[in-house]
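Just so it is clear, none of the values below were taken in a lab; they were calculated from the coordinates. Note that the structure is a prediction, hence the values are computed from the model and not measured. Cβ coordinates were reconstructed from backbone atoms using ideal geometry, including for glycine residues, and neighbour counts include every protein chain displayed.
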Amino acid sequence: MNAQALYNLKFPIGEFEKPNVLDVEQLNAWLQVIKTFPGQLAETVNDLTNSQKGWRYRPDGWNIKQVVHHCADSHANGYIRFRLALTEERPTIRPYIESRWAELYDANEDDLSDSLLILTSIHNRWHRLMNTFTQTQWERVLIHPEHKAPLVLSEYLGNYAWHCEHHLAHVKQALKAEGTYN
């Protein structure tokens, strides 16, 4: 498989690109993604067999169950990061090594119900919280030590909306491949 094909499997919707214009319409579109993602993901994975949950979306990529559990982990961190940015001045967030989290026992469980419940609950609260933001709150920042530049919450929302769509595409890609990459 050539490098471009592998890149397309890794980033089926492309990498996140910050829009040139970040307006209310764009924020509302991203908020809608946050609101609907847990239901879309659950609808996609609820009837899968344990064997299907083990299908990978690309060679050496995560399997479906790891993707679902990763989304719960990542979005729990995201929700907390937003709250830190609202309550502290320019907090430096703590990153985590996602690949190691994906190898832990609970990230490989066939039962996805707890992670789907976590996602539903976090996204409900996250969406409700963000719907109350003032312009000043959207402009709050946090510092990610790997990026070193301030991350503005309005832009960070876009990154998480992209993350939702990115991993939903991974799950659908794994299903379409029917175990080809295992």
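Just a few scattered comments:
- C-alpha center-to-center spacing [segment 76-90, segment 124-167] in angstrom: 9
- Treating r as the C-beta distance of residue 96 and residue 49 and R0 as 45 Å, the FRET efficiency rounds to 0.90.
- One decimal place: the segment residue 141-residue 159 gains 5.1 nm when fully extended, by the rule 0.36 nm per residue minus the C-alpha distance.
- For the pair residue 32 and residue 86, the difference between a 0.36 nm per residue extended length and the Cα-Cα distance amounts to 17.4 nm.
- Histogrammed with a bin width of 5 Å, the alpha carbon distances of the chain distribute as 1, 8, 16, 20, 20, 16, 11, 6, 2, 0 percent, first bin at zero.
- Net charge in the neighbourhood of residue 63 (other residues with Cβ under 9 Å of its Cβ; Lys, Arg +1, Asp, Glu -1) is +3.
- Other residues within the sphere of radius under 14 Å centred on the Cβ of residue 175, judged by their own Cβ, net out at +3 (K and R +1, D and E -1).
- For segment 57-176: relative contact order, % (alpha-carbon pairs under 8 angstrom, 6 or more apart): 39
- In order along segment 18-35, the Karplus-derived 3J(HN,Hα) couplings, from 6.51 cos²θ - 1.76 cosθ + 1.60 at θ = phi - 60°, round to 5, x, 5, 10, 10, 10, 4, 4, 5, 4, 5, 5, 5, 4, 5, 4, 4, 5 Hz, and Gly and Pro are given as x.
- Full-stretch length increase - residue 25, residue 121 - with 0.36 nm per residue and alpha-carbon distance subtracted: 32.1 nm
- Other residues within the sphere of radius under 11 Å centred on the Cβ of residue 88, judged by their own Cβ, net out at +3 (K and R +1, D and E -1).
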